[in-house]
Amino acid sequence: MADFLTPAERSALMALIKGKDNASTELRLVAALRAAGLAGWRRGLRLPGRPDLAFPAARLAVFVDGCFWHGCPRHHRLPRTRRAFWSAKVATNRRRDRRVGRQLRARGWSVMRIWEHALRRGALPATLARLARALRAASDRPRRPAAPAARRRPRP
Ligand SMILES: [Zn+2]
C-alpha cells in the first residue's frame with residue numbers, strides 16, 4: 001500500500017477503492033440534516049453527476065466534495081510521488097464537477113457543492129445555515145413551466 005499518503009488521503013483512497021467517493025462525509029451530512037430537522041431530501045436520484053443529496057421540490061442538488069479528490073484550495077496537497085498522476089486526476093474531477101453543474105442547471109436545478117471540511121463539527125452549523133439559504137433561494141426561484149417537480153405529488 002502506498003506510504004506517501006496522509007491519513008486523509010489514505011482514507012479518501014480507500015473510499016475510492018470501495019467505489020464511494022465520499023461515503024463517510026455524505027453520511028455525516030445526512031446525520032446533520034436529520035438532527036437539524038431539514039426534510040425533503042432524497043439520495044440516489046438519477047440526475048447528472050449523481051448528487052449526494054437532492055431536494056426535488058426545490059430542485060436543489062447537493063454534492064459533498066472530498067478535499068483531496070476535488071482539489072480544495074485549503075486542504076488539497078499533492079502527494080510527494082506521482083504528482084502528475086494525482087494532479088491530472090483532480091483536474092479531471094474538477095472538470096467533471098463543472099460539466100455536471102452545467103447539465104443540472106440546464107435542467108432547471110440549482111447546485112450546491114459542500115467541501116468535506118465544511119462538515120467538520122465546528123463548521124457544520126454554518127454549512128447547514130448555508131444549505132437552508134440555498135434551499136430557500138431555490139424554492140423561491142421562478143419555475144420553468146414544464147418543471148417536473150411542479151407535478152410531483154406530496155409525500156404520503
Ligand atoms: Zn478542505
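Every number in this text was worked out from the coordinates using simple rules, so none of it is lab data. Quick caveat: nothing in here was measured; it's all calculated off a predicted structure. Here Cβ is always computed from backbone atoms with ideal geometry, including for glycine, and neighbour counts include all displayed protein chains.
Results, tabulated for the structure shown:
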item: Residue in the range 43-51 that is within 16 Å of the ligand (Cβ to nearest atom) and not β-branched (Val, Ile, Thr) present; result: no
item: Among the residues listed as Gly44, Gly122, the single one being part of a loop (DSSP other than H, G, I, E, B) and closer than 26 Å to Pro7 by Cα; result: Gly122
item: Some residue of the range 65-78 being more than 16 Å from the ligand (Cβ to nearest atom) and either exposed (fewer than 12 other Cβ atoms within 10 Å of the Cβ) or of a type in the set (A, V, I, L, M, F, W, C) (or both); result: no
item: Qualifying residue in the range 85-92 (condition: within 29 Å of Asp140 (Cβ to Cβ) and in a helix (DSSP H, G or I)); result: no
item: All positions within the range 98-116 that are within 16 Å of the ligand (Cβ to nearest atom) and surrounded by fewer than 17 Cβ atoms within 10 Å (Cβ to Cβ); result: Arg113
